[in-house]
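Worksheet for the structure shown next.
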Amino acid sequence: MKLILIFITALLIFAAPVFSELTVKDLEKIDSIVKESEDRLKAHVDIKVTEMDKRLNMIFGFVIALISFIVIVVGIPQVIMAWRGRKDQTQAEQIRELRQEIEMLKQQRIVSR
């Protein structure tokens, strides 16, 4: 058993890949593979960024539309109430004037009797 263990250890220590070196051609091949994967990654990221930009623009449009809708829904009743308030105010002024006239006419009628 010890002999087999020593033999396997010797084979692992003196195996051929342990003494191999990378050649210039190997380094160039690795460099080209890395550049190719980098280019693919950049293209993929550019596509994703473009898609996200489109989505953000669409969401921005929806938010603007929603804000406009809320302003319209809340603003129109406020404008109507303000318009009615002015109308009511003018009617109240007319009623006051008419009451004053009626009081004056009553006073004149009482005085003339």
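Summary table below
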read-out	value
Count of residues meeting criterion [modelled with pLDDT of 90 or more and of a type in the set (Phe, Trp, Tyr)] in segment 65-113	1
Counted residues, segment 18-31 - those being at pLDDT below 85 and open to solvent by 100 Å² or more (accessible area, probe 1.4 Å)	3
Sole residue being open to solvent by 90 Å² or more (accessible area, probe 1.4 Å) and without any contact (Cβ under 8 Å) to a residue 60 or more places away in the chain, chosen from Val34, Val63, Val71, Val45	Val71
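The values are calculated or read from the model by the stated rules, or taken from the named source; none is laboratory data. In this text, all values refer to a predicted model and were calculated from it rather than measured experimentally. Please note: Cβ atoms are built from the backbone with ideal geometry, for glycine as well, and neighbour counts cover all protein chains shown. Just so you know, the surface numbers come from the protein's heavy atoms only, side chains and all, with ligands and any DNA or RNA stripped out. Shrake-Rupley method; radii C 1.70, N 1.55, O 1.52, S 1.80 Å.
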